[in-house]
């Protein structure tokens, strides 16, 4: 007979496996749909002239398409079984949404770093999106045959082993768990991983607001002004704007006053010491900044503030739309999508940006705000050897397990459901290979839609040419 504290976990294990046997996770779901229609749904409400740029970035490769089509996979996952263990998940857990950043104590840690789609949902959805992303990327990057299966097994084993460790920890211990670069350096065995970690540490100190200031802005009459570089960055009401004259922001009588009110409301969501710190900064400029792949066209702003010593702080305001998870998995209504992102990020990350908060922009759109850059690093997965890519896969599995254990407090239940065998890994290998095939089919339909004119796609270079004299 199990120990009393294990009885609940064992009950969940039995219920979960009856509801969704581990072998059932090989199913790819409801794929009888038009991916182009779903992309058009997710493009609704974006800045109209930037939607072609979104598609232009997605057309670069099947993996770029995968990054920008979270809504498609969420739709498909809704038709798959799950264990019934649900809590706050990332919602867009692919391999490029992990990275390094500094904690408030200036330690460099590795973790999930994108929470635009965070919402209550099945933990399996995150794990499946992560596994499939590695297979899609491995094919695109021409890794050797069989690499996809190896990557998925490394992810699942990393997730499985770490979740078992978290199952034996107290909730407080789980809450304080961090994957620091010091820990990674201590366990790195191969020279390439050690070299990449050391280079990451060296690069991190150069990725700060102070270094960014002369790269993005010029000093004009005593004030720092952000430099237009359309389509990537431009002033909303400037000569290089990509906003159409019909946009509600450009129709406002006093847009600057509306932004000032929005920023004041954001300050109210911060702790008192953060508000006091920001009171020592003076706003100098603000511009629109296009980011990512799937986020292109959503309203994203960069704010430049300068302290009394002339030192900069860049803050990013990003529009928050309804989570793709919430579109297909029933969850409580959300009053403020920006707050959803902030609270989900705080719940899942080991340490979050001290300036993370939320507000509503002009016309009432929900936003969240964070630092634009603070020792943030992304993995250069395109340049990794197969062995290093496999190590990175295991690291992502570890980070995801840590985020799930912290957010859900159900490490024991998840660990008991997975068990110690390879049954879940076997199922997810089948799922990931089959879903990568589906992504390639969807990508071809997307490319045909762009070629036929059903969708308009433009590259950054093409759009930038519009602004050359």
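Bear in mind these aren't lab numbers, they're just calculated from the coordinates by the rules spelled out. Just so you know, these numbers come straight off a predicted model, no measurement behind them. Because the Cβ atoms are built from the backbone with ideal geometry, glycine has one as well, and the counts that use them run over all protein chains shown.
Quote the relative contact order of the chain in percent (integer), defining contacts as alpha-carbon pairs under 8 Å separated by 6+ residues.
Here the relative contact order equals 31 percent.
Counting other beta carbons within 10 Å of each residue's own, what order do 203, 46, 57 fall into, fewest first? Present the calculation step by step, with values, prior to reporting the outcome.
Values: 203 12, 46 17, 57 21.
Starting with the residue having the fewest Cβ neighbours, the order is 203, 46, 57.
Assign one of three labels to the range 354-419, namely rounded, prolate or oblate, based on the Cα gyration tensor with a ≥ b ≥ c the square roots of its eigenvalues; rounded applies when a/c is under 1.5, prolate when it is not and a/b is larger than b/c, and oblate otherwise.
Cα axes put the range 354-419 in the oblate bin.
Measure nothing but the geometry: give the 0 to 90° angle between the long axis through the Cα atoms of 147-167 and the longest principal axis through the Cα atoms of the chain, rounded to 10°.
Between the helix axis and the principal axis of the chain, the angle is about 80 degrees.
Along Cα→Cβ, 7 Å out, is where each label goes; now give me the distance between the ones at residue 145 and residue 459 in nm to one decimal.
3.2 nm
Using only Cα atoms, tell me the angle between helix 386-408 and the longest principal axis of the chain; keep it within 0 to 90° and round to the nearest 10.
90 degrees
With a 10 Å Cβ neighbour count serving as the proxy for reagent exposure, in which order, fewest first, do 432, 352 appear?
Neighbour counts put them in this order, fewest first: 352, 432.
When the helix-only estimate is applied to the chain (DSSP H runs of n ≥ 4, each -39,500 (n - 2.57), divided by the residue count), what is the mean residue ellipticity at 222 nm, nearest 500 deg cm²/dmol?
Working: 19 runs with 226 residues, N = 469.
Dividing the helical sum by the residues of the chain leaves -15000 deg cm²/dmol.
Taking the alpha-carbon centroid of each part, what is the distance from the range 324-384 to the range 146-197 in angstrom?
Taking the Cα centre of the range 146-197 as reference, the centre of the range 324-384 is 24 Å away.
State the extension gain, in nm to one decimal, for the chain segment bounded by residue 466 and residue 106, taking 0.36 nm per residue of separation less the distance between their alpha-carbons.
Stretched fully, the residue 466-residue 106 segment lengthens by 125.4 nm.
Hey, quick one: spin label on residue 219, modelled 7 Å out along Cα-Cβ, who in the range 302-336 has an amide N within reach, i.e. under 16 Å?
Within reach of a label on residue 219, which here means backbone N under 16 Å from a point 7 Å along Cα→Cβ, the range 302-336 contributes 305-313.
Mind sorting 32, 404, 284 by how few other Cβ atoms lie within 10 Å of their own Cβ, fewest first?
Details: 32 7, 404 27, 284 18.
Least crowded to most crowded, the residues run 32, 284, 404.
If a/c stays under 1.5 just call it rounded; otherwise compare a/b with b/c (prolate if a/b is bigger, oblate if not). Do that for the range 209-371, with a ≥ b ≥ c from the square roots of the Cα gyration tensor eigenvalues.
oblate
Provide Rg over Rh for the chain; use the alpha carbon set for both Rg and the Kirkwood Rh (inverse mean inverse pair distance). Before the final figure, lay out the partial values.
Values: Rg = 22.4 Å, Rh = 23.3 Å.
Ratio of gyration radius to Kirkwood radius for the chain: 0.96.
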